[in-house]
Amino acid sequence: MAQTSIAFLFPGQGSQAVGMGKDLFEKYPVARQTFEEADAALGYKLSQLCFEGPEEQLRLTEITQPAILTVSVAAWRVLDEKGIKPSFVAGHSLGEYSAHISAGTLAFGDAVRTVRNRGKYMQEAVPVGVGGMAAILGMEAMAVEAVCRDAAEGEICEPANINSPEQIVISGHKTAVERAAKLAGERGAKKAVILPVSAPFHCSLMKPAQHRLAADLNALNFSDPASPLVCNVDAALIDDANRSRDALVRQVTGSVKWDQSIRLLMEKGIQTFFEVGPGKVLFGLMRQIDRTKKCIPVGDDASLRKAWEASSSSTET
């Protein structure tokens, strides 16, 4: 069976919740094996933290990142075992690592250790309290860029996640981000919300993390992606190992161009999207980008069954 118009989307940080992946672990041997692989690769019971928490520990970036990756890969492996194959894959920030595993670019054990370090490097790049992020709602991208420039005042303030036409997240020095949030409100944004984050992701302040991660990624074996993959930092298709590695390095300080990535997939004829992993963040963003497209969260047994039904209706024999 060949699915004609399905893309797999893999979520990033912020989609975690205590209990995620437990249903898959209990019902599917391939999912159980995935959690066991992660536990062995990391040297601690990541599975237990996913299933039981505590939530404060699961929220720590160096635990959150391998946890979301592992749940996403477990869900993807179940889909794959059932013969559900995507035409394209993409992942939001951290989720791009899950996409690469599904495309055969990276080995799971290598990836789970790398994203643990990625989380650690990001947390250590900026002292706690120095950086910040804010969500700007209902303001066009060019207007948000102007707000960032005008609010910077010699500090860093940059668009970090271009999530949808309705939502752009900015990142940088806490004081500059606060000025930008206030200025955005004055210039007509529907809302500007300071986010409770532990570090200012996807901006120039992450350069120390980018340098450390580049060394780790350069030591890993990358293959050419077997499935067409859209990378965040360029919102472009990549099909070779070196570009895959380079995009993962650059995304640490670069904007996540999610809106543009989804529009590229729609231009390629994609009608149905599966959000493979925990939560429904990407499902929510899809509703802001294009409500006519079908997006199905796939993170437990019940949603897997819905995905199976949807893939059957999108199948050519």
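The values are calculated or read from the model by the stated rules, or taken from the named source; none is laboratory data. It should be emphasised that the depicted structure is a prediction, and the values quoted were computed from it without experimental measurement. Note that we place each Cβ from the backbone using ideal geometry, even for glycine, and neighbour counts take in every protein chain shown. Note: areas computed on protein heavy atoms with side chains; ligands, DNA, RNA excluded. Shrake-Rupley method; radii C 1.70, N 1.55, O 1.52, S 1.80 Å.
This table checks each residue for (1) basic (Lys, Arg); (2) surrounded by fewer than 20 Cβ atoms within 10 Å (Cβ to Cβ); (3) at pLDDT 95 or above.
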{"position": "VAL252", "(1), (2), (3)": "no, no, yes"}
{"position": "LYS257", "(1), (2), (3)": "yes, no, yes"}
{"position": "SER261", "(1), (2), (3)": "no, no, yes"}
{"position": "GLN271", "(1), (2), (3)": "no, yes, no"}
{"position": "LEU282", "(1), (2), (3)": "no, no, yes"}
{"position": "ASP300", "(1), (2), (3)": "no, yes, no"}
{"position": "ARG305", "(1), (2), (3)": "yes, yes, no"}
{"position": "GLU309", "(1), (2), (3)": "no, yes, no"}
{"position": "GLU316", "(1), (2), (3)": "no, yes, no"}
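Residues in segment 203-238 that are part of a loop (DSSP other than H, G, I, E, B) and more than 19 Å from the chain's Cα centre (by Cα): ALA219, LEU220, ASN221, PHE222, SER223, ASP224, ALA226.
Does ILE289 satisfy the condition of being of a type in the set (Val, Ile, Thr), in contact with a Lys or Arg (Cβ under 9 Å, 6 or more places away or on another chain) and in contact (Cβ under 8 Å) with a residue 40 or more places away in the chain? Against the criterion (of a type in the set (Val, Ile, Thr), in contact with a Lys or Arg (Cβ under 9 Å, 6 or more places away or on another chain) and in contact (Cβ under 8 Å) with a residue 40 or more places away in the chain), ILE289 qualifies.
Tell me which residues, restricted to segment 239-250, are closer than 22 Å to ALA67 by Cβ and open to solvent by 60 Å² or more (accessible area, probe 1.4 Å). Working first, answer last.
Our first condition is that a residue be closer than 22 Å to ALA67 by Cβ; within segment 239-250, this holds for 248.
Passing the criteria: none in range.
Residues to consider are GLU62, GLU81, GLU56; find the one that is buried (at least 16 other Cβ atoms within 10 Å of the Cβ) and among the acidic types (Asp, Glu).
Exactly one of GLU62, GLU81, GLU56 is buried (at least 16 other Cβ atoms within 10 Å of the Cβ) and among the acidic types (Asp, Glu), namely GLU62.
Of the residues making up segment 92-151, those that are within 23 Å of LEU195 (Cβ to Cβ), open to solvent by 10 Å² or more (accessible area, probe 1.4 Å) and of a type in the set (Lys, Arg) are ARG116, LYS120, ARG149. Beta carbons closer than 8 Å, at least 6 apart along the sequence or on distinct chains, pair a first residue in segment 55-68 that is farther than 11 Å from GLN123 by Cβ with a second that is open to solvent by 80 Å² or more (accessible area, probe 1.4 Å) and at pLDDT 95 or above for PRO66/ARG113. Cβ-Cβ contacts under 9 Å between residues 6 or more apart (or on different chains), taken from a first residue in segment 261-273 that is part of a loop (DSSP other than H, G, I, E, B) to a second residue that is of a type in the set (Phe, Trp, Tyr), are listed as LYS268/PHE88; ILE270/PHE88. Scanning segment 3-34 for residues that are closer than 26 Å to PHE201 by Cβ, over 16 Å from the mean Cα position of the chain (by Cα) and either surrounded by fewer than 24 Cβ atoms within 10 Å (Cβ to Cβ) or β-branched (Val, Ile, Thr) (or both) yields VAL18, GLY19, THR34.
Looking only at segment 226-245, which residues are out of contact with any helix residue (DSSP H, G or I) (no Cβ under 9 Å at 6 or more places or on another chain) and without any contact (Cβ under 8 Å) to a residue 40 or more places away in the chain? Within segment 226-245, ASP239, ASP240, ASN242, ARG243 meet the criteria.
Of these, VAL233, VAL177, which one is modelled with pLDDT of 95 or more, closer than 29 Å to LYS268 by Cβ and of a type in the set (A, V, I, L, M, F, W, C)?
Values: VAL177 fails: closer than 29 Å to LYS268 by Cβ.
Step by step, each of VAL233, VAL177 is checked, and only VAL233 is modelled with pLDDT of 95 or more, closer than 29 Å to LYS268 by Cβ and of a type in the set (A, V, I, L, M, F, W, C).
Summed over segment 191-202, the residues that are over 19 Å from the mean Cα position of the chain (by Cα) and in contact (Cβ under 8 Å) with a residue 60 or more places away in the chain give a count of 1.
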